[in-house]
Amino acid sequence: MAITSITSPASSSPAKDAITGLAVNPKAGQKTLGADDFMKLLTTQLTAQDPMNPMKDTEFIAQMANFSSLEQMRGLSKSFDTFAAEQKMTSAPSYLGRQVTVKDAGGDVTGTVDAITLKDQLPAIVIGGKSYNTNLITGITTAPPAPSTTTDIQNTLKQ
């Protein structure tokens, strides 16, 4: 039995298995099959089957059902990621005017949210001119009310 090399040092394209033609992942320990790999494997299995003992239709249907489930789960995962990002964008304006505490490299920072910006396509809050990701928020309270009259200002200063 001849042994063929799976990888070629001079080759710049991904290595392929000599029997199935599937791409071989050079990263050790990573065992994943994509949709293309699944279809190639199924095609190879169908073409290499014994004509006197073909694959049972129940096996074929089970494999197609597994493939369909996999594709649906991938679609659901992408939809959920999109939903989560949109939910963050929708809830970001609720931080405006609130007093929040965020974790910073130097410790906790507390202040009133002055603005909402986008940072790496995610909402970020601005406190005192500095931008923070919303996932760094550790506490939220309502900001103290601003004094409305001169008497209120004088009373506030006396305290």
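The values are calculated or read from the model by the stated rules, or taken from the named source; none is laboratory data. Model, not experiment: these values are computed from the prediction. Here the Cβ positions follow ideal geometry from the backbone for every residue, glycine too, while neighbour counts run over all protein chains shown.
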In the set 116, 61, which member is aliphatic (A, V, I, L, M) and part of a helix (DSSP H, G or I)? 61
Options 91, 131; residue that is surrounded by 10 or more Cβ atoms within 10 Å (Cβ to Cβ), in a strand (DSSP E or B) and among the polar types (S, T, N, Q): 131
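Test residue 70 against the stated conditions and say whether it is of a type in the set (A, V, I, L, M), closer than 30 Å to residue 39 by Cα, at pLDDT below 90 and surrounded by 13 or more Cβ atoms within 10 Å (Cβ to Cβ).
So residue 70 passes the test.
Among the residues of the stretch 94-106, which ones are assigned to a strand (DSSP E or B) and modelled with pLDDT under 90? Break it down stepwise before answering.
Our first condition is that a residue be assigned to a strand (DSSP E or B); within the stretch 94-106, this holds for 98-104.
Scanning the stretch 94-106 gives a single hit, 104.
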What single numbered condition from (1) at pLDDT 90 or above; (2) in contact with a Gly (Cβ under 6 Å, 6 or more places away or on another chain); (3) small (Gly, Ala, Ser) fails to hold for residue 143? (1)
In the stretch 25-42, is there at least one residue being more than 28 Å from the chain's Cα centre (by Cα), modelled with pLDDT under 80 and either in a loop (DSSP other than H, G, I, E, B) or exposed (fewer than 10 other Cβ atoms within 10 Å of the Cβ) (or both)? no
